[in-house]
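Notes for the one structure printed next.
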Amino acid sequence: MTRWIALSDQPPPPGSPEEGVIAHGLLVFEIDLPLAGAGVLLDMRDEGGAVALSLFHDLGAGIALMHRRGGRLVRHLLPGPLWQKTGVARLTFGWDLTARRWTLVLEQGGQRLAAGGEGPLPIDLRELHLLCAGGAGVRRHPAVLWFGAAPGAALPGPTGWIGVATPVETPRGVVAAGSLKPGDRVMTRDQGAVPLVGVTRLAVPGRGSLAPVRLRAPFYGRRADILVSPDQPVWIGGAQAEYLFGDEEVLVPARHLVDGQMALADPRRAVAVGVVLDLGLPELVEADGCLFGTAGPAGAGGARRVLEPFEVLPLRQALAMAQRRAV
């Protein structure tokens, strides 16, 4: 599982080396559009006040990333013009010292701008940690929701996680997800008590497109709201699912359940902490009356059919109607 090696608004991960050149990696920024005119999005200066790393935009000219290391300064340009569509856009800077290549890509919905070139400078883990920690030498535009760095050519993929406080059913009673350990048994819908192969604690961006989803009680959890990742598959069953899809039970990624009432995007925290439960097979874990799908081995299907985004709207409408009738 690829992890973030640096995240804005967070200290270095425990056990992380204090320094070291990252030969191949990605630096990601999520930005709240539209932007106005021209300005600095992110700026870090060294002790002498010289630019160490600076990201700035101009609606006509585009986006530029300036990076200094020692006596050398390079400028990476993504030519504009920039669009002004409202919403979250993702800017990704990639570098590969072996191939001596860099890329800059801006994406929002179906729109995309990309540029690349040669001669990136090495990026050191120490400067990433300084950038993420903020402080007197760092300026950040309010439109920058979060930023982070990952090693290699791939970002951390879509991951289903549940909040550390989620009450998970076990043979010995309810246990908070954050207190579970490998070997502990959890209750599942199909196999009863199943031992955990692994428990992974993740720190992930808590804003922008990765903001967690709050599943409201009593619509999902019986006693309290449950925080999950936007990619966490949530079980939906009953007459509505059977009528619409011919299946009594389906799975829906939490991001597609957000309706402003029964499920809400929750961007209140800069960094969210969650737990990935690994049972070694696709299963449905019981948590306070809600069921969550777990991933199996690579290539394995889900515990139930996972709906496509376009299929979820009629299901959401049916669930809302059923809730109004119940009230």
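The values are calculated or read from the model by the stated rules, or taken from the named source; none is laboratory data. Everything numeric in this text was worked out from a predicted model, so none of it was measured. Because the Cβ atoms are built from the backbone with ideal geometry, glycine has one as well, and the counts that use them run over all protein chains shown. Keep in mind that these areas ignore ligands, DNA and RNA; they rest on the heavy atoms of the full protein, side chains included. Shrake-Rupley method; radii C 1.70, N 1.55, O 1.52, S 1.80 Å.
Residue check: is residue 170 of a type in the set (Val, Ile, Thr), in contact with an Asp or Glu (Cβ under 7 Å, 6 or more places away or on another chain) and either open to solvent by 30 Å² or more (accessible area, probe 1.4 Å) or on the phi > 0 side of the Ramachandran plot (or both)?
no
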Qualifying residue in the range 131-139 (condition: under 19 Å from the mean Cα position of the chain (by Cα), crowded, with 17+ Cβ neighbours inside 10 Å and not aromatic (Phe, Trp, Tyr)):
yes
Could you grab the pairs with beta carbons closer than 6 Å, sequence gap of 6+ or different chains, first residue in the range 261-281 and within 12 Å of residue 160 (Cα to Cα), second one of a type in the set (Ser, Thr, Tyr) and assigned to a strand (DSSP E or B)?
276/200; 277/294
Failed condition for residue 56, given (1) open to solvent by 40 Å² or more (accessible area, probe 1.4 Å); (2) more than 13 Å from residue 141 (Cβ to Cβ)
(2)
Of everything in the range 205-224, what is of a type in the set (D, E, K, R) and more than 18 Å from residue 256 (Cβ to Cβ)? Give them in sequence order.
207, 222, 223
All conditions in (1) in contact with a strand residue (DSSP E or B) (Cβ under 6 Å, 6 or more places away or on another chain); (2) surrounded by fewer than 18 Cβ atoms within 10 Å (Cβ to Cβ); (3) of a type in the set (A, V, I, L, M) are true of residue 186 except (2)
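Name the strands (runs of 3 or more DSSP E) wholly inside the range 82-177 in which the number of residues that are small (Gly, Ala, Ser) and either modelled with pLDDT under 95 or touching a Leu at 6+ places or on another chain (Cβ under 9 Å) (or both) is 3 or more.
It comes to 87-96, 111-118, 144-151.
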Take residue 200 and tell me if it is open to solvent by less than 40 Å² (accessible area, probe 1.4 Å), hydroxyl-bearing (Ser, Thr, Tyr) and assigned to a strand (DSSP E or B).
yes
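For the range 57-69, indicate whether the set of residues that are touching a helix residue (DSSP H, G or I) at 6+ places or on another chain (Cβ under 6 Å) and not aromatic (Phe, Trp, Tyr) is non-empty.
Taking every residue of the range 57-69 in turn, none turns out to be touching a helix residue (DSSP H, G or I) at 6+ places or on another chain (Cβ under 6 Å) and not aromatic (Phe, Trp, Tyr).
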For the range 222-244, give me the residue count where each residue is farther than 15 Å from residue 309 by Cα, crowded, with 18+ Cβ neighbours inside 10 Å and at pLDDT below 90.
1
Unique residue being over 23 Å from residue 36 (Cβ atoms), free of Cβ contacts under 8 Å to residues at least 40 places away in the same chain and open to solvent by 60 Å² or more (accessible area, probe 1.4 Å) when the list is 112, 100, 69, 75
100
